[in-house]
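Visitor: I am attaching a structure below and will ask some questions about it afterwards.
The values are calculated or read from the model by the stated rules, or taken from the named source; none is laboratory data. Please read all numbers here as calculations on a predicted model, not as lab measurements. Ideal geometry is used to build each Cβ from the backbone, glycine not excepted, and the neighbour counts take in all protein chains shown. Only protein heavy atoms, including side chains, enter the accessible area calculation; ligands, DNA and RNA are left aside. Shrake-Rupley method; radii C 1.70, N 1.55, O 1.52, S 1.80 Å.
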Amino acid sequence: MKALLAKKIGMTRLFQENGTALPVTLLHTGPNVVVQIKTKANDGYDAVQVGLGPRREKSLSKPVLGHLKKAGVKPVARLGEIQLESMDGIAVGQEIKADLFQVGEIVDVIGTSKGLGFQGTVRRHKFAGGPVTHGQSDRLRAPGSVGASSYPSRTFKGQRMAGRMGGERVTVRNIKVVLVDTETNVIGVMGAVPGKNNTWVKIRKK
């Protein structure tokens, strides 16, 4: 497996030679700076902790600052763990850049979906709503009946209702890398990825 942390820049489009426009999401990969190397002997698993994006010292807690200073790394906005195909040659302070991925590769992008707050059943679960004929002027976006009558006289667990929507971990699988800019460390993937602009995502390839 190989992976990178990235910040979602936004969406644009790229034109192919035949004139076809491709919807593309641009992801800024930093570069990722290695902060800590975790091993099975010390931590029970192999992984690399990386940091991405600059941040002011006063915005970080003292334990995090101490952790970064021990590694000799400047304050970063985001810490995360990634797994690489090989741990050979990886050192603390090393930069992992966008050229880890190649155009044409199929990757997964993991992020947090947009938080939409409390939503009704029509938006949250795509309910059709009720009829507004025969005087039912307020039934269009109502959920309708939510339980049986005399038996079992309760609402079944897991019934789809209004509630909080979004703000969940989402993985978009099998999307194609269509752009790798090694100068600016920007990767372009086809289609949309979860989250708003300037939010954090992880790009991985198994």
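Visitor: Taking a 1.4 Å probe, which of LEU65, LEU79, LEU27 shows the most accessible area, and what order do the others take after it?
Guide: Values: LEU65 30, LEU79 65, LEU27 0 Å².
If we order LEU65, LEU79, LEU27 from most to least accessible, we get LEU79, LEU65, LEU27.
Visitor: Another question about this same structure. Match the structure shown to one of the listed values [x] 20.3; [y] 17.7; [z] 17.2 of Kirkwood radius over Cα pairs in Å, computed from it, and give that label.
Guide: [x]
Visitor: Could I ask something else about it? Where in segment 53-82 are there trypsin sites (Lys or Arg not before Pro) that are in a DSSP coil and have at most 14 other Cβ atoms within 10 angstrom of their Cβ?
Guide: Details: sites: ARG55, ARG56, LYS58, LYS69, LYS70, ARG78; in loops: ARG55, ARG56.
Hits after loop and neighbour filter: ARG56.
Visitor: If the reach is capped at under 16 angstrom between alpha carbons, list the lysines near LYS74, excluding any in the same chain fewer than eight residues apart.
Guide: Within reach: LYS58, LYS62.
Visitor: Within 10 Å, at most 12 other Cβ atoms, and a DSSP state outside H, G, I, E, B define an exposed site. Report the longest part of the chain free of exposed chymotrypsin sites (Phe, Trp or Tyr not before Pro).
Guide: On the way: sites that count: TYR45, PHE156.
Counting at most 12 other Cβ atoms within 10 Å as exposed, the longest clean stretch of the chain is 46-155.
Visitor: Considering only C-alpha atoms, what is the centroid distance from segment 98-132 to segment 181-206, in Å?
Guide: So the two Cα centres are separated by 16 Å.
Visitor: Can I ask one more? If I compute solvent accessible area with a 1.4 Å probe over the protein chains, what percent of it on the chain is carbon and sulfur? It would help to have the intermediate numbers written out before the result.
Guide: Working: 6400 of 12860 Å².
Looking at the chain in its full context, I get 50 percent from C and S.
Visitor: Which residues' amide hydrogens lie under 5 Å from the amide hydrogen of ARG141, considering only partners 5 or more residues apart or on another chain, with H built in the peptide plane?
Guide: GLY130
Visitor: Between rounded, prolate and oblate, where does segment 1-75 land on the alpha carbon gyration tensor, with a ≥ b ≥ c its root eigenvalues, rounded for a/c under 1.5, else prolate if a/b exceeds b/c?
Guide: Taking the square roots of the gyration eigenvalues as a ≥ b ≥ c, segment 1-75 is oblate.
Visitor: Let me have the 222 nm mean residue ellipticity of the chain computed from DSSP H runs of 4+ only, each contributing -39500 (n - 2.57), with the sum over all residues rounded to the nearest 500. Provide the component values of the computation, followed by the final result.
Guide: Details: 3 runs with 19 residues, N = 206.
Mean residue ellipticity, 222 nm, calculated: -2000 deg cm²/dmol.
Visitor: Let me know the shape class of segment 163-202, please: from the alpha-carbon gyration tensor, a ≥ b ≥ c as square roots of the eigenvalues, rounded when a/c is under 1.5, otherwise prolate if a/b is greater than b/c, or oblate. Numbers along the way, then the final one.
Guide: Details: a/c = 3.41, a/b = 1.94, b/c = 1.76.
Note, shape of segment 163-202 comes out prolate.
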